[in-house]
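Structure first, then comments.
None of the figures in this text is laboratory data; all of them are computed from the coordinates on show. The shown structure was predicted, so the numbers you read here are calculated from the model rather than taken from an experiment. FYI the Cβ positions are ideal-geometry reconstructions off the backbone, even for glycines, and counts take in every protein chain you see.
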Amino acid sequence: MIVLAWRSLVRRKLAILAALFSVVVGSSLVTATLLIASSQEQQGAASVTSWRFEAVDAVVKPPANVTLNSGLVLDLPSMPRLTGEQIDAIRNAPGVTAAALESPFPAYMIASDGAVTGDAFTRSWGHPWSTALADAASLSTGREPSRPGDVAVDESVATAAGIDVGDPVRVVLATGTEEFTVTGIVSRPGEQFEHALFFDGETAVRFGGAPVAALVSTTDIDALRKAVPGFQVLTGEARAGSLQLDLRQAELAGGSSQFLMVIAFLALAIAVFVISSTLTVSIGQRRRELAMLRIVGTRPRLIRRLVTWEAAIIGALGGVVGAGVGIALAELARQFFIAQGLMARGAVVSPEPTALSGGAAAAVLAALVAAWLPARRATRIAPLEALRESDNPSGATGRGRVVFGWVLLGTAVVCLAGAFALGGPVTTLGGTIALMLIVMAFPLLIGALVVLGSTLLRGVLAPLGGLLRRWFGGFVAERSIRSDLRRAAGVSVPLTLLVAVSAVLLFQDSANYQARSQVYADQVTADVVVTGGVQLGVPFSAVDALADVPGVAAASGSISSRLILDDPPTMRSNGTVTGVDPAGFDQVLDYEVVAGTWADFDEGSIAMSQIVADEKGWRIGDQVAFRYPDGTPGSALLSTIYRDPMGVSDTVLPLDTLTPHVLEPFASAIYVALDPGTGRGDALTAINGALSAAVPGAQATDRDEHLAQVAAQASGDNWIVLMVVVILGGYAGVSAINVLISSTMSRKREFALLRLAGARRPQVAGSLLVEALVVATTAAIAGTAIAAITMIGYGYLLTDTIWLPFVGPAFLAIVGCAYLAAFLGTLAPARTAMTADPLEGVRAW
């Protein structure tokens, strides 16, 4: 049977190449995402830090996670710190000869041109000099910092800032800008992902606070572990992942694999539908061959085995080739993701056998699943009927197929109805379940369309038939579609996927952005907003710099992180937290109060969104227990409950309460309220003048301009979504072209008969153009309907109103690509198919 299947494939090179191409591309996408995801999981923390600490025996640090009441282990949002008792236990452990303390803090050098070194991709941190020694660093020139006014800098910092030994420099710290003298240039081994500045121990403690790790030299590792039970005592290669200062990079190392797995799942799902439509068209072209096999006595079971083995061979060949292509694709994707700041910079992709076999197995599985229905349909009718249908395909849809299609559609409707009944917002348990129902409804709608494709086309042709039959091209196109609805439906599936998947991805991103931006715009009432570099924040000293600026009525900064909310245990174990200054906060930001009042919000208090309060059962006056970002237990009196449906800020704490528990105490923004009657232009000039000297890199803009910048930055971040749309939508589009080419080239006899009947080539091409237009329009309508229904439900969960997050230009581009794919896949091969002599075409048949 395998030999027979192989010979059958060899005879139909063009059709098989189309299916093989779809399998190869699908397999390469799945393989690439699995390779990247597996590399992230294996490398973990080592891929986000340049610190190796090879000059010490062990790195001791508190556990970076906490065990919840449910038993789930949750990573802490910020690095925990060592207490005095813990430090003494480390130093007094048997065998310990030295224990240097690491107290990191954000510190940015100001270059000679006034620019601040460091950005969102390469942060700048201050460390005690002992940390450089533990990392086996050496001085290229100069001496080590030994006094409070000294600083030694990495070679990367010296190059970026244009400084040398002996130069006076300014360093931006969380507390403001201070002056230092460069005493040395430091060279560190390995690839550097950070701008490092080194200070004497006293200065590092003053700015960095309690240490986050101890760098220990010892002769007895076991005794050290016994001295600090429950702590992380990292030795050997594990020391390289011990200092994760860039939380964004750490998050990428731990969380980007989830995003990549979503891409892999989408690629696999699209591959199943695309390969199924390809094989449907391919088997449809073999009706006569399969009918003759039935006539000579071949049992249906053997024919199904033949088709199944053909699919297995295609899947195996495509899987092997796709796995090889996936390795190269994964490396290209790694370089691209790192360059765009969406993947840990030290990540390395290696050809893991599990990922490679997973990509190849996915291709075989997709091919087998996709071939099952066409193989079953090809053998379920009587032999003579099969022969008769090979020349005159039936347009009727099988009863079982219709029932199955309506079951899929009905299930999708039930899922959507359940989602609307549960309602939002998505941050609640009901909203989460509703979102899952909407996610389930999307593939069900796609599946229903695939199964009922012939019925849909028949419905589209019903009102168009009279119009199409008025001229030759339309008449031939309408008859051609009706004569083989399955072929036309198989061609429309990839085009429908192109429209539906692309539109949902783009509209989902637009929905999140529109809803969140509206919430943020409603909250910000400040006249002026001060921001720093991209994702760097602003030192809180900017608030002091604005105190004496004429026309400034109030200035308040905010900082963001996460709290652990585990008691009482619910589905929500953590939530976002915003730190604000209780004095003047309500003059620049407006959080709609549901219960309590902002007048009662002070030190020792906590404010909370209504969603979190209702889920936890907390009321005004309750004592709320939580853990700070670094894991320190805390509690506060609930003074205010406010409305925040998008979960932008689940809780609010006073700045002085939250700041000691975060590693980067920089304000995300400083919000400024002006006195009534103050000219905004003059105020902006005065504010920027005050900031330029005290807080380099900070920039003040009015509220409208700030919101526009946030909008531009948010919309600029959606390029990753656009890339996914290009990859997955492009895959569906190219596969559609392949299916169309295969389908068109198989119709040589039809074209030859039309030409023998007197039709000219332009007339035949015109009929194909109309046919492509009808199929593409059907796909565009169906894909748009599926995307619109899905996104209306998603928009309802976000805003509790019926709305569609529509992106006009992007949608027109998607539909235009669908039409372009249809025309290219039809007209280009048709020109080749019609170049032969008509008599030769009929004789070859």
Measuring from the lowest to the highest alpha carbon on each principal axis, how far does region 92-239 reach, largest first, in angstroms? 52, 30, 30
Any idea how far apart residue 238 and residue 85 come out in nm if each label point goes 7 Å out from Cα toward Cβ? 2.4
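Please work out the FRET efficiency for the pair residue 75 and residue 361, using the Cβ-Cβ distance as r and a Förster radius of 30 Å; give the result to the nearest 0.05.
Values: r = 31 Å, r/R0 = 1.05.
Calculated value: 0.45.
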Residues with beta-carbon under 13 Å from that of residue 679, excluding residue 679: net charge, scoring Lys, Arg +1 and Asp, Glu -1? -3
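Take each of the peptides 763-772, 99-108, average the number of other beta-carbon atoms within 10 Å over its residues, and list them starting from the highest. Walk me through the numbers on the way to the answer.
Numbers: 763-772: 21.3, 99-108: 24.1.
For the peptides 763-772, 99-108, the packing ranking is 99-108, 763-772.
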Highest first, please rank the peptides 774-781, 814-821 by the mean number of other Cβ atoms sitting within 10 Å of their residues. 774-781, 814-821
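Hey, how much of the P(r) for region 398-468 falls beyond 18 Å, as a percent of Cα pairs?
Values: 1280 of 2485 pairs.
Value for region 398-468: 52 percent of Cα pairs lie more than 18 Å apart.
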Modelled label-to-label distance, residue 369 and residue 471, 7 Å Cα→beta-carbon offset: nm? 4.4
Taking only Cα atoms of region 533-697, radius of gyration then Dmax in Å: 16.9, 52
Whole angstrom only: what separates the Cα centroid of region 596-662 from the Cα centroid of region 685-711? 29
